[in-house]
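K.L.:
Following this message is one structure expressed as structure tokens.
The values are calculated or read from the model by the stated rules, or taken from the named source; none is laboratory data. Computed from a prediction, not measured in an experiment: that's the story for all the values here. So basically every Cβ, Gly included, is an ideal-geometry build from the backbone, and we count neighbours across all protein chains shown.
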Amino acid sequence: MIQPSQDTIVRQTSTTQMWIENGILYSQVRNYVIINEEDAIENDALRQEMLDGRSIPILVDMRKIRFISEKARRQTKNSADKNNLKVIAILVESQMTKLLGSFALKVNRPKVETKLFTDEKLALQWLESYKD
């Protein structure tokens with residue numbers, strides 16, 4: 001599980017905690033939550049507030065999510081597409097989830113470059129190449 005450094009300011013929604021550290025926005029989904037459309041709207045609003053117009057890499061840790069509704073996925077994709085996000089790395093729990101998620105990304109083709117990872121270090125290395 002990703003942990004912010006001790007002096008980092010962490011903001012929270014009902015399903016997610018977020019912080020910015022070393023030029024990356026971290027978005028960590030709480031353990032075993034179900035994210036519906038209203039939660040996605042709340043998360044998107046906090047993310048936009050924290051980014052404050054900046055375009056920096058984002059790491060989303062979804063390894064412990066229980067479920068995300070189709071409406072929540074659509075809301076998140078639409079928000080990412082219209083808000084000029086730079087790049088998103090998504091951490092998932094298993095290779096099977098990564099495979100299925102990668103297929104879904106190819107079919108849905110988000111405007112924001114998005115890649116799934118099971119390894120946190122590899123995800124961070126990938127994001128590093130997108131930092132200004």
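K.L.:
Just to be sure before I move on: is I41 surrounded by fewer than 18 Cβ atoms within 10 Å (Cβ to Cβ) and in a loop (DSSP other than H, G, I, E, B) in the structure I sent?
P.N.:
Answer is no for this residue.
K.L.:
Which residues, counting only those in the stretch 113-132, are farther than 16 Å from M62 by Cα and buried (at least 16 other Cβ atoms within 10 Å of the Cβ)?
P.N.:
Across the stretch 113-132, the qualifying residues are W126, L127, Y130.
K.L.:
From the list T118, T97, which one is polar (S, T, N, Q), in contact with a Ser or Thr (Cβ under 7 Å, 6 or more places away or on another chain) and over 20 Å from T13 (Cα atoms)?
P.N.:
Exactly one residue qualifies, and that residue is T118.
K.L.:
Separate question: Scanning for something free of Cβ contacts under 8 Å to residues at least 60 places away in the same chain and over 23 Å from E113 (Cα atoms), does the stretch 43-66 turn up at least one residue?
P.N.:
Yes, some residue in the stretch 43-66 is free of Cβ contacts under 8 Å to residues at least 60 places away in the same chain and over 23 Å from E113 (Cα atoms).
Okay, residues lined up against (1) of a type in the set (F, W, Y); (2) touching an Asp or Glu at 6+ places or on another chain (Cβ under 7 Å); (3) buried (at least 18 other Cβ atoms within 10 Å of the Cβ); (4) closer than 16 Å to W19 by Cα:
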position: L51; (1), (2), (3), (4): no, no, yes, yes
position: R63; (1), (2), (3), (4): no, yes, yes, no
position: K71; (1), (2), (3), (4): no, yes, no, no
position: N83; (1), (2), (3), (4): no, no, no, no
position: E93; (1), (2), (3), (4): no, no, no, no
position: L99; (1), (2), (3), (4): no, no, no, no
position: P110; (1), (2), (3), (4): no, yes, no, no
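K.L.:
Need at least 3 residues that are at pLDDT below 95 and within 13 Å of the chain's Cα centre (by Cα) per element, so show me which helices (runs of 4 or more DSSP H) inside the stretch 62-132 make the cut, counting only ones lying wholly within it.
P.N.:
Hits in the stretch 62-132: 70-82.
K.L.:
Which of (1) closer than 26 Å to Q125 by Cβ; (2) outside any helix (DSSP H, G or I) does G53 not meet, given it meets every other one?
P.N.:
(1)
K.L.:
Kindly list, by first and then second residue, each pair from a residue in the stretch 92-106 that is closer than 18 Å to A123 by Cα to a residue that is modelled with pLDDT of 85 or more and in a helix (DSSP H, G or I), limited to pairs with Cβ atoms under 6 Å and residues at least 6 apart or on different chains.
P.N.:
V92/K98
K.L.:
Right, another one. Across the stretch 108-132, which residue is nearest to K77 (Cα to Cα) among those that are of a type in the set (A, V, I, L, M, F, W, C) and touching a residue at least 12 places away in the same chain (Cβ under 8 Å)?
P.N.:
Only one residue tops the list, namely V112.
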